[in-house]
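For reference, the structure is listed below as structure tokens.
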Amino acid sequence: MTEHRREELLERVTDHVLAHGLIGLSLRPVAAAVGTSDRMLIYHFTSRDALVSAVVARTNERAMAAVAALPSAATVHDGVNQLWAAYRTEPLHSAMDVYCQAAVTGLIGREPYLTDARANGELWAGALRAYLVRCGAPTSRVARLVTLVDSALFGFHLDLITDDPAELAQGVDDLARAAEALARS
């Protein structure tokens, strides 16, 4: 029963974080928002950091499931464009925001976020490798493709120079052509 309650709370807190973000998350307001108390969150997760780690991991699981559910594309080029379209919609759009918020905290050296961001990043990379192979990427080049595509799509996701969807789509299509060339070289 306790594990069931923990899972139920984790799902509700994850939904809340996906809707409202991770930055500034406080136990009392999030507990109230999901219909529990901060003491119950501490009971089930031991600390705010442990709760945030669990939420980031659950968000990553949901994002990986969304990528796994994407249909295979005919080419790597089409697959990268399809992946970008998925990044622009839910659940991936909010999941990318949460991952970026956790990763930034980790980049300044704060634990457990640094370790968690790396571990979740490895799992995410595995989901992208599987997806790109389904889109025709050769297994011998897929790791390089994931590095290129993942880094670039996160950059497009965070782009502060333009919010023009057509400009971003053109940049992604340029990336998709480069990824296709790398896959075929």
> Which value in Å does the Kirkwood hydrodynamic radius of the stretch 13-99 take, with 1/r averaged over all unlike C-alpha pairs and then inverted?
Replying inline: 14.2
> Looking at the stretch 65-157, which trypsin sites (Lys or Arg not before Pro) are in a loop (DSSP not H, G, I, E or B) and have at most 13 other Cβ atoms within 10 Å?
Replying inline: 110
> Can you give the net charge of the other residues whose Cβ lies under 14 Å from the Cβ of residue 136, counting K and R as +1 and D and E as -1?
Replying inline: +2
> Farthest toward the dipole's positive end in the stretch 81-185, which of 128, 162, 185, given Cβ charges of +1 (Lys, Arg) and -1 (Asp, Glu) about the Cα centre?
Replying inline: 185
>> Order these by the 10 Å Cβ neighbour count, fewest first: 98, 67.
In response: 67, 98
> When you take every Cα atom in the stretch 84-185, what is the radius of gyration, and what is Dmax, the widest Cα pair distance, in Å?
Replying inline: 14.3, 40
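Can you tally the net charge around residue 11? Count Lys and Arg as +1, Asp and Glu as -1, for every other residue whose Cβ sits under 15 Å from the Cβ of residue 11.
Combined, the nearby Lys, Arg, Asp and Glu give 0.
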> Roughly speaking, what is the centre-to-centre gap between the stretch 30-88 and the stretch 134-160 when only Cα atoms are used, to the nearest Å?
Replying inline: 19
> What number comes out for the charge environment of residue 170, summing +1 per Lys or Arg and -1 per Asp or Glu over other residues with Cβ under 13 Å away?
Replying inline: -4
> If you project the alpha carbons of the chain onto their three principal axes, what span does each projection cover, largest first, in Å?
Replying inline: 56, 35, 30
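The numbers here are math on the coordinates, done by the rules we state, and not lab data. Everything quoted here is computed from the prediction, not taken from an experiment. Virtual Cβ from ideal backbone geometry, glycine too; neighbours counted across all protein chains shown.
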